[in-house]
Amino acid sequence: MPRHNETGSSRIDDAARAAWLYYIADNTQDEIAEKMGISRQSAQRLVALATRKRLVKFRLDHPIARCMDLAQRLKDRYGLDFCEVTLADPTSDDPALGIAQVAATEMERFLKAEEPIVMALGTGKEIRGAVDQVSPICCPHHKFVSLVGSLAPDGSANFNDPITRIGDLTQAPRHPLAVPVVATTKDERDTLCAQKPIRINITMAQSADVAFVGIGELNEAPPLLTDGFITRQELDDLTAAGGAGEIIGWAYDDQGVLISGQTNDRVASVPLRQPPEHPTIGVARGPNKLRAIRGALAGRWITGLITDETTADVLLS
């Protein structure tokens, strides 16, 4: 019988083996224990470890009639070209719950194209969560480009920038935007964005075949603040100016109109286009995102939306 190793990568290998036996080969935990030469309790712990380490990815391959109806109604109401609505757990505050898997499936659909494409990506927990759910696909003929700066004001990396991760999964070239999300001054922003490598990546992003973006809220503790991209005073100023949400750092009001001046004068992200010239899919859910999603839809900053049924219900109410 195989011997169970309790440490290091061998334990992860064992967790993967146990998860395969459980989820794919349909073994019971007793059968796993016997085949791996371990106790039933150890088998149970290994399966749990595989889930914690995200070695197991779950996707529900069945359209739910109510979700399909909500998606169609959102398309009709807001003039969307694409919409997917997934099930909801109203007790969860995970911003990517459910929608990350759906977004990953849509990303994979584009990545399976035989002709080369450019996929542009925003940032945030939803987009990073979606990329984490993408299955490894060898497609070096495609390219990935970031829509948003990859640096915080202190020079540290944007933790939720998914470009490196998706490049590793696909073995495809990745083009980060090596500038701050929000520059210190407008002149600094203009100087940074005038650099040839940055101009090349911005041009590539503007002509991308598809873009996936998160939709950020502007409440008491939005990601722009908690991730250190803007200060509390800057947030207060945006709020006072009617800020409802942001996409790749560009702040807008409830009608989807970009806030004049403020941090928008210093955002180094790829400029938004209204309407977008290529499919631009927003990925967002949850009660704290509702105002931001409504503003994005009102401003027609996105052509598609991936959300959950609870959020869809309120958007249609």
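The values are calculated or read from the model by the stated rules, or taken from the named source; none is laboratory data. Quick caveat: nothing in here was measured; it's all calculated off a predicted structure. No Cβ is skipped: glycine too gets one built from the backbone with ideal geometry, and neighbour counts run over all protein chains shown.
Annotations for the structure displayed:
- In the stretch 203-226, residue surrounded by the fewest Cβ atoms within 10 Å (Cβ to Cβ) [restricted to those that are assigned to a loop (DSSP other than H, G, I, E, B) and not small (Gly, Ala, Ser)]: GLU220
- Listed by position, the helices (runs of 4 or more DSSP H) inside the stretch 21-81 whose residues that are of a type in the set (Ser, Thr, Tyr) and within 30 Å of ALA211 (Cβ to Cβ) number at least 1 are 65-78.
- When residues of the stretch 157-202 are limited to those that are assigned to a loop (DSSP other than H, G, I, E, B) and β-branched (Val, Ile, Thr), the one nearest to ASP227 (Cα to Cα): VAL181
- The listed residues are ASP81, ASP94, and the only one of them that is without any contact (Cβ under 8 Å) to a residue 24 or more places away in the chain and touching a helix residue (DSSP H, G or I) at 6+ places or on another chain (Cβ under 9 Å) turns out to be ASP94.
- Check on PRO2, loosely packed, with under 14 Cβ neighbours inside 10 Å, modelled with pLDDT under 90 and either assigned to a strand (DSSP E or B) or outside the structural domain of GLY122 (by TED's automatic domain parsing) (or both): yes
- GLY149 being touching a Ser or Thr at 6+ places or on another chain (Cβ under 8 Å), crowded, with 20+ Cβ neighbours inside 10 Å and not in a loop (DSSP other than H, G, I, E, B): yes
- Scope the stretch 152-168; condition under 12 Å from the mean Cα position of the chain (by Cα) and buried (at least 21 other Cβ atoms within 10 Å of the Cβ); matching residues: ASP161, PRO162, ILE163, ILE166
- Counting the residues of the stretch 111-139 that are closer than 23 Å to ALA178 by Cβ, touching a helix residue (DSSP H, G or I) at 6+ places or on another chain (Cβ under 7 Å) and of a type in the set (S, T, N, Q) gives 0.
- Scanning the stretch 269-317 for residues that are surrounded by fewer than 23 Cβ atoms within 10 Å (Cβ to Cβ), in contact with a Cys (Cβ under 8 Å, 6 or more places away or on another chain) and either among the hydroxyl-bearing types (Ser, Thr, Tyr) or not in a helix (DSSP H, G or I) (or both) returns a single hit, GLY304.
- For ALA183, the conditions (1) surrounded by fewer than 22 Cβ atoms within 10 Å (Cβ to Cβ); (2) within 20 Å of GLY155 (Cα to Cα); (3) in contact (Cβ under 8 Å) with a residue 12 or more places away in the chain all hold with the exception of (1).
- Failed item in (1) touching a strand residue (DSSP E or B) at 6+ places or on another chain (Cβ under 6 Å); (2) not in a helix (DSSP H, G or I), with PRO140 passing the rest: (1)
- Residue, nearest to the chain's Cα centre (by Cα), within the stretch 249-268, restricted to residues that are assigned to a strand (DSSP E or B) and of a type in the set (A, V, I, L, M): ALA251
- Subset of the stretch 19-36 [of a type in the set (S, T, N, Q) and under 17 Å from LEU49 (Cβ atoms)]: ASN27, GLN29
- Counted residues, the stretch 227-247 - those being under 24 Å from the mean Cα position of the chain (by Cα), acidic (Asp, Glu) and not in a loop (DSSP other than H, G, I, E, B): 1
- Check on ARG109, more than 22 Å from ILE248 (Cα to Cα), free of Cβ contacts under 8 Å to residues at least 40 places away in the same chain and charged (D, E, K, R): yes
Each row is one residue, and each column tells you yes or no for (1) assigned by TED's automatic domain parsing to the domain that holds LEU297; (2) at pLDDT below 90.
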position	(1), (2)
ASP26	no, yes
GLU31	no, no
GLU34	no, no
GLN44	no, no
PHE58	no, yes
ASP69	yes, no
PHE82	yes, no
